[in-house]
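Below: one structure, written as structure tokens.
The values are calculated or read from the model by the stated rules, or taken from the named source; none is laboratory data. These numbers were taken from a predicted model, which means no experiment stands behind them. Here Cβ is always computed from backbone atoms with ideal geometry, including for glycine, and neighbour counts include all displayed protein chains. Each accessible area value is taken on the protein alone, full model and side chains, heavy atoms only, with ligands, DNA and RNA left out. Shrake-Rupley method; radii C 1.70, N 1.55, O 1.52, S 1.80 Å.
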Amino acid sequence: MSEPPERPSRYDRSFGGLIAALIATVLFVAAYVGFRAFIREQPDIQPESVHYLSCVADLQEAGTTVAYPVALPAGWLDTSVAFGRGEAPFWRMGVLTDRGGFVGLVQQKESVQDLLTTYVDKTPIKGEDASPANGLGVATWQTWSDRGGDHAFAAVLDSGPLAGQTLLVYGSASVEEQEALIDLLTVAPVANQPADTAPCDAPDS
């Protein structure tokens, strides 16, 4: 008695069928991973203050003068500071506004163009000079912008403890927010801080 013929497979064993099965598997895995990522609780990571006033006080005690905001507007947060010693010392700090914009402050003995190239754009667009209020005695600031919407104020100080150094205020924050920071700049000694003030959270670069 002859054996019954084999039943044809219900699956397409062709090369095209194999490719289709692989694509379906990849799509399923991608959809599963995406779903898990969507439902997984994401950590709420908030930036923390670096206690810039403590950093400024430390520098002043070491005999170094830097420009800094005497205070920050409500809701603003100092997120970074840096200071470099040596032949080309520099001072930098970064701030987030209450609207999520960034404002950076740089003090360095470099040309305006060099700082613009480093922090703003290689080919920034020059605007009209401005005279925002400030406590540093700077009457005129150059204004700049880039094609991405960032703005900058720059000035070379010709007198006082910062003579010969360039100040650059820049970032994604609005012109009004940057002017607000400029208005708060000072080189005065840091006022007495409470005993429980946190120490400077920035290493010397």
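Name the residues in segment 89-123 that are basic (Lys, Arg), under 21 Å from residue 163 (Cα atoms) and part of a loop (DSSP other than H, G, I, E, B), would you?
The one that is basic (Lys, Arg), under 21 Å from residue 163 (Cα atoms) and part of a loop (DSSP other than H, G, I, E, B): 109.
Restricting attention to segment 103-134, which residues are open to solvent by 60 Å² or more (accessible area, probe 1.4 Å) and in contact (Cβ under 8 Å) with a residue 24 or more places away in the chain?
If the condition is that a residue be open to solvent by 60 Å² or more (accessible area, probe 1.4 Å) and in contact (Cβ under 8 Å) with a residue 24 or more places away in the chain, then 109, 110, 133 are the ones that fit.
Are any residues in segment 31-78 modelled with pLDDT under 80, open to solvent by less than 90 Å² (accessible area, probe 1.4 Å) and over 29 Å from residue 176 (Cα atoms), and if so, which ones? First the steps, then the outcome.
Filtering segment 31-78 for residues modelled with pLDDT under 80 gives 31-47.
Now drop any that are not open to solvent by less than 90 Å² (accessible area, probe 1.4 Å), which leaves 31, 33-34, 37, 47.
Selection gives 31, 33, 34, 37.
Are any residues in segment 80-90 under 25 Å from residue 148 (Cα atoms) and either without any contact (Cβ under 8 Å) to a residue 60 or more places away in the chain or of a type in the set (S, T, N, Q) (or both), and if so, which ones?
80
Filter segment 57-81 down to the residues that are in a loop (DSSP other than H, G, I, E, B) and more than 16 Å from residue 184 (Cβ to Cβ) and list them by number.
62, 63, 64, 65
Looking only at segment 79-102, how many residues end up being over 21 Å from residue 154 (Cβ atoms) and either open to solvent by less than 50 Å² (accessible area, probe 1.4 Å) or of a type outside the set (A, V, I, L, M, F, W, C) (or both)?
7
Among residues belonging to segment 135-164 that are open to solvent by 80 Å² or more (accessible area, probe 1.4 Å) and not in a strand (DSSP E or B), point out the one that is farthest from residue 175 (Cα to Cα).
So the residue we want is 161.
From the residues in segment 165-189 that are in a strand (DSSP E or B) and of a type in the set (Ser, Thr, Tyr), which one is surrounded by the fewest Cβ atoms within 10 Å (Cβ to Cβ)?
186
For segment 72-105, give me each residue that is out of contact with any Ser or Thr (no Cβ under 8 Å at 6 or more places or on another chain) and among the aliphatic types (A, V, I, L, M).
Listed by number, the residues that qualify are 72, 74, 81, 88, 105.
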